[in-house]
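The values are calculated or read from the model by the stated rules, or taken from the named source; none is laboratory data. Treat the numbers as computed from the prediction; the structure is a model and nothing was measured. Please note: Cβ atoms are built from the backbone with ideal geometry, for glycine as well, and neighbour counts cover all protein chains shown. Please note that ligands, DNA and RNA were not included when accessible areas were found on the heavy atoms of the full protein model with its side chains. Shrake-Rupley method; radii C 1.70, N 1.55, O 1.52, S 1.80 Å.
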Amino acid sequence: MDGTQRTLVSEYASQIEWWSPDTWLIWTPGRQAYLQRQDSAEREYLNVRGVSSIQPGGRWGVLSQPDGDGFRRALINLSNRAEQIDLGIDLAYYNDSTWSPDGLRFVYVAPVFADGDEETPIGSELHTISPTSPTPIRITSFASSYGNVRINGVAASALSWSPDSSRLAFWVIDLSQPQAEQTARIHVLDMGTRTVNSYCRFSTTTHTPNPPRLVWSPDGTQLAFGADIADDTRPTLLLTLDLTSGIVTIMSEGLYPALGTPDVAAWGLPPG
């Protein structure tokens, strides 16, 4: 990673990620996917029809399929495509989801409906499931704490795991206020204790269609994101949130979007 050597991985790819320490998961522009070991050019193609993401180190995927006038989500075993675990309705703004980096858990947002109404959501909560424990478990209770809230935006990939798979960071938008006054605040869920910490020193009204992307520091002590500060005339700022003190620090100014929004791409280690 010092930039002195390069190895061609694929000549036709839209996304490349680590599936295991020595194997890549490669998505093609045509939405095919295959596994390729780092030391080999051989490919193992996966049956990913209708699948949006794949379990790190595993053979389960997230499937979206038609259901009447809408869609439903399920976890599906890619080895046989016969085993499925239903996750409920797939609804924009209420369908964020992510695998833990170790592949052991899947966390997803599910909508909350008023009694007798299964069409218009009034909020959302987080649930977790694993292929070895196929009963979904709700792990947040925002309705009782805040009232009606929305978790993250329309992008179904913005829940942010800590590097050690122990915590999850996300934005919570208060839906009880008029739309122009709704604010989003960062929350961090401890997956072991199921406690949620709310960080109130920074909030943003820029959360539709998506709030800023949250990126963990390698040591899991801070979150980085790009955002504007009220009454500040500078271009989008690079901010970090210290998760112990709750202090937000301006690291740089003048972030500019490469693909639509001025989001942080990654947080690396210092050289040497």
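List of remarks:
- Single match in SER10, SER52 (criterion: of a type outside the set (Lys, Arg), modelled with pLDDT under 95 and closer than 16 Å to SER157 by Cβ): SER52
- Restricting the first member to segment 115-135 and to residues that are in a strand (DSSP E or B), and the second to residues that are surrounded by fewer than 18 Cβ atoms within 10 Å (Cβ to Cβ) and of a type in the set (Gly, Ala, Ser), the beta-carbon pairs closer than 8 Å and six or more apart or on different chains are ILE122/ALA114; GLY123/ALA143; GLY123/GLY147; GLU125/SER141; GLU125/ALA143.
- Qualifying residue in segment 55-68 (condition: touching a Pro at 6+ places or on another chain (Cβ under 8 Å) and aliphatic (A, V, I, L, M)): no
- Of all residues in segment 31-46 being open to solvent by less than 70 Å² (accessible area, probe 1.4 Å) and modelled with pLDDT of 95 or more, the one that is farthest from the chain's Cα centre (by Cα): GLN36
- Taken together, THR204, THR249, THR193, THR183 contain a single residue that is surrounded by fewer than 10 Cβ atoms within 10 Å (Cβ to Cβ) and free of Cβ contacts under 8 Å to residues at least 60 places away in the same chain, which is THR193.
- Segment 136-159: number of residues that are of a type in the set (A, V, I, L, M), open to solvent by 40 Å² or more (accessible area, probe 1.4 Å), assigned to a strand (DSSP E or B) and in contact (Cβ under 8 Å) with a residue 24 or more places away in the chain: 0
- When segment 160-180 is filtered for residues that are outside any loop (DSSP other than H, G, I, E, B) and out of contact with any Leu (no Cβ under 7 Å at 6 or more places or on another chain), the ones remaining, listed by number, are TRP171, VAL172, ILE173, ASP174, GLN179, ALA180.
- Of all residues in segment 181-190, none satisfies the criterion of being within 15 Å of TYR108 (Cα to Cα) and in a helix (DSSP H, G or I).
- Highlighted here are the strands (runs of 3 or more DSSP E) found entirely within segment 201-272 that include at least 3 residues which are among the small types (Gly, Ala, Ser) and modelled with pLDDT of 90 or more: 222-227.
- Taken over segment 35-75, the criterion of being among the hydroxyl-bearing types (Ser, Thr, Tyr) and touching a residue at least 24 places away in the same chain (Cβ under 8 Å) is satisfied by SER52, SER53, SER64.
- Residues of segment 74-109 satisfying the condition of being basic (Lys, Arg) and either open to solvent by less than 20 Å² (accessible area, probe 1.4 Å) or under 27 Å from ARG150 (Cβ atoms) (or both): ARG105
- Any chance PRO211 is surrounded by 20 or more Cβ atoms within 10 Å (Cβ to Cβ) and over 22 Å from SER166 (Cα atoms): yes
- Qualifying residue in segment 160-177 (condition: modelled with pLDDT under 95, over 17 Å from SER100 (Cβ atoms) and surrounded by 15 or more Cβ atoms within 10 Å (Cβ to Cβ)): yes
- The condition of being open to solvent by less than 40 Å² (accessible area, probe 1.4 Å) and more than 21 Å from ASP102 (Cβ to Cβ) holds for only one of SER10, SER14, SER20, that being SER10.
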